[in-house]
1. Counting only residues that are free of Cβ contacts under 8 Å to residues at least 24 places away in the same chain and of a type in the set (A, V, I, L, M, F, W, C), which one in region 196-224 is farthest from the ligand (Cβ to nearest atom)?
2. Output the residue which, of all residues in region 98-127 that are in a strand (DSSP E or B) and free of Cβ contacts under 8 Å to residues at least 24 places away in the same chain, is nearest to Ser64 (Cα to Cα).
3. Please determine whether any residue of region 152-169 is closer than 27 Å to Leu298 by Cβ, surrounded by 17 or more Cβ atoms within 10 Å (Cβ to Cβ), modelled with pLDDT under 95 and not basic (Lys, Arg).
4. Which fully enclosed strands (runs of 3 or more DSSP E) of region 30-97 have 1 or more residues being within 19 Å of the chain's Cα centre (by Cα) and without any contact (Cβ under 8 Å) to a residue 60 or more places away in the chain?
5. Under the condition of being within 19 Å of Asp230 (Cα to Cα) and either over 21 Å from the mean Cα position of the chain (by Cα) or within 16 Å of the ligand (Cβ to nearest atom) (or both), which residue from region 270-295 is modelled with the lowest pLDDT?
6. Take the residues of region 193-219 that are farther than 15 Å from Leu264 by Cβ and within 21 Å of the chain's Cα centre (by Cα): which is surrounded by the fewest Cβ atoms within 10 Å (Cβ to Cβ)?
Amino acid sequence: MARAMKTRTAKRGGSPRGVATPRRKEHQGWPVRRAGGLRILESRALGKLGWLVHGFSTRPGGESVLDGKPTLNLGFTDWDERARVEKNRAAFAAALGARKMPLVALRQFHSDVIYVPSAPAASPEDAPRADALATRAWGFLLGIQTADCVPILLADTRQRAVAAIHAGWRGTLARIAVKALGRMRMEFGTKPADVVAAIGPSIGRCCYEVGAEVAQAFAMQFPPAADWFDGPFEQLSHGEEPLWLPWLTMMPPGHVPPPPRVQLDLRAANRWQLMDAGVPESQIDVSDLCTACRTDLLFSYRREGAKTGRMMAVIGVRAAKK
Ligand SMILES: [Zn+2]
């Protein structure tokens, strides 16, 4: 996990850890597939494409146990048993109607490395180090794992190629979504105008506090960066110290005010990148579910720390009908 993902949880919104969150509208507009005791979020835009399989996993159900509840952890975390995670992955694929499609997963490291498999790996141990996958081959699933970072699925409706992308702040800064589109163009002849994109549940602007170094890095890279931040973005991104005097006079002696923070909207940044690369706005489907606000339904590393699970976003091309 990147450094910025490990820092403290924002207090705004949601309930403290361990306290039940009141029931809210479950999926905020995205269809939910219920199968085998699991709930899978789907993008309407991708759901219209009959030649592909896709889905974003959620927390409830599964073989793992977290806070005394059955939990669909799809990542090989320290607290969970490998065999349970493998069962969870199989149950997830079955719920997607893709029981026979093997999964290609990654060892993610917040990079801009894109892996292009032409066949499934022989075993899960073969997972390559990368943060995005793209293929035009059919019969297997591409999967990326998240627990706050932004999962992005792409489908080229003309060439019938697909991609799955993991974008935290480092990957977003490195324009991993744009690089995945570029790789699809190179490998498959993909045109951005033919691409349908789904940006899945991730930590929202409401809960994602970052420091001056992230604000500055984004300000240097992206003209519209100011639109993606709340808080003293202008001051932080220009390296100016905010005015301390009002703080200092309010603080008891010996207390140092907290360093100023801003809140970042990673989804907006990735949506803008896709549009800037030529994907039509009407073809980008964005979930507004926040992982940190909705730990009843999703996993949040920021809110829950190391003892949380991983969700998976998967996409794959179905076998051609004979
Ligand atoms: Zn939130």
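1. For region 196-224, the residue satisfying everything is Met220.
2. Top of the filtered list is Arg107.
3. No: region 152-169 contains no residue that is closer than 27 Å to Leu298 by Cβ, surrounded by 17 or more Cβ atoms within 10 Å (Cβ to Cβ), modelled with pLDDT under 95 and not basic (Lys, Arg).
4. Filter on region 30-97 gives 32-35, 38-41.
5. Asp288
6. Val196
The values are calculated or read from the model by the stated rules, or taken from the named source; none is laboratory data. If you're wondering where the values come from, they're calculated on a predicted model, not measured in any experiment. Reconstructed Cβ throughout: ideal geometry from the backbone, glycine too, with neighbour counts over all protein chains shown.
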